[in-house]
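J.: Below you will find the structure I want to go over with you.
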Amino acid sequence: MSKSVNPAVIGGFTLGAVLLLVAALLIFGAGKFGADRIRFVVFFESSLNGLEIGAPVKMQGVNIGQVVEIALHFDNKSGVLYKPVVLEIERSLLTGTGATALPAELEHEHLKESRDRLVASGMRARLETQSLLTGLLYVDFNFHPNRPPVFTGLEYKGLLEFPSVLATADELRSTAEEFARALRALPLDEIVQDLAGSLREIRTMLASDDMKQSREALLATLRSLEQSSQTLNSNLAPLMKSADRTVVDTSALVRDTHLLVSELQRQMPQLLSNTDKTLLAAISALNRAEGSLQKMGDAVGPDSALTDTLDAMRQASRSIRDLTDYLERHPEAVLSGKQQ
């Protein structure tokens, strides 16, 4: 006969299990239950494929929260389908200056003001890929000051809206689509026809007689230029040798001329002194002769040959005197001659 089960024992086991469960929750989830969290709603234009409940929310690579709700919202007035995503952010993970908790700027009653300051600084939400293998997404908060904030203006469960920007993949896809649209807008048929016509004209021009003659003339010019270059190369060496000899001879001539001028400069004072003495002696003799001839001229007639001789001697005397005066003023005339 089986022994009956004591209900008190069963109740004790059940109560103990419940107490252990509560203790485990308190121990392992104390941070979760006691955390101070803020919620925002973000309306993404990008596809939410790969975004799941519990997906991380990051800022500059640091996990600050998670995705707690993903929904679809159809606007009957505009006929637009919106995709609201509710984000839960732990305030304790954000600290300000001096490691003080940033909640001072994120208090619930001042949440809109704090949100507006962050948005004005360029803070935007964006979907990014966690892994290319899994295709899972996460929400990234970062600063994009060049992107104007776009709000839908929809009310969703009384939550403040945070603006978003397109995902990187969507931007690349959008750029590719715009390029494809621009390419489709081009008159490709006309461009291809024009290009084909241009190629035909080029082919015809290259095959024409004028082009053949031009090619032959160009080849002849190149050959002539090559021959001229060879001739120049063959004559250049003798020409350079002749030029070298000319330079050497010119240098020797300049050196000899310099020596001659130096010697003349050295002997110039003595030469001028001797010339002055000779001229003075000649002038003195001519003066005496002129006096004697004057006396003789008084004794003969004016038309006699002696009178003509006397006149010629007077002129010679004056010429010598003038020459002496000029040399005294310009002694360099002995070498260079009289300047015109």
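Readers should treat all values here as calculations from the given coordinates under stated rules, not as data from a laboratory. If you're wondering where the values come from, they're calculated on a predicted model, not measured in any experiment. All Cβ positions, even for glycine, are placed from backbone atoms using ideal geometry, and neighbour counts span all protein chains on display.
J.: Once fully extended, how much extra length lies between ASN49 and HIS258, figured as 0.36 nm per residue of separation less the alpha-carbon to alpha-carbon distance?
T.: Answer, rounded to one decimal: 65.1 nm.
J.: Spin-label point model (7 Å from Cα, Cβ direction): what's the SER251 to ASP322 distance in nm?
T.: Going by the 7 Å Cα→Cβ label model, 4.9 nm.
J.: What nm value, rounded to one decimal, do you get for the distance between THR278 and SER92 when each label is placed 7 Å out toward the C-beta?
T.: 12.9 nm
J.: In what sequence do LYS212, LYS83 fall when counting other Cβ within 10 Å, fewest first?
T.: LYS212, LYS83
J.: About its Cα centre, what dipole magnitude does the range 34-182 give when the only charges are +1 on Lys and Arg Cβ and -1 on Asp and Glu Cβ, stated in debye to the nearest 20?
T.: Here the range 34-182 has a charge dipole of around 120 debye.
J.: Return the FRET efficiency for the residue pair MET313, GLN270: r is the Cβ-Cβ distance, R0 is 45 Å, and the value is rounded to the nearest 0.05.
T.: 0.90
J.: Express in whole angstrom the spacing between the alpha-carbon centres of the range 39-77 and the range 168-243.
T.: 58 Å
J.: Further, regarding this structure: For ASP36, list long-range residues whose amide hydrogen, built 1.01 Å from N in the peptide plane, is under 5 Å from its own amide hydrogen.
T.: Placed amide hydrogens put ARG91, SER92 under 5 Å from ASP36.
J.: Can you tell me the length gained on complete extension of the stretch GLN130 to ASN76, counting 0.36 nm per residue apart and subtracting the Cα distance?
T.: Contour length minus Cα-Cα distance gives 16.0 nm.
J.: With all pairs of different alpha carbon atoms counted, what Kirkwood hydrodynamic radius in Å does the range 34-182 show?
T.: Taking the inverse mean of 1/r over all distinct Cα pairs, the range 34-182 comes out at 16.4 Å.
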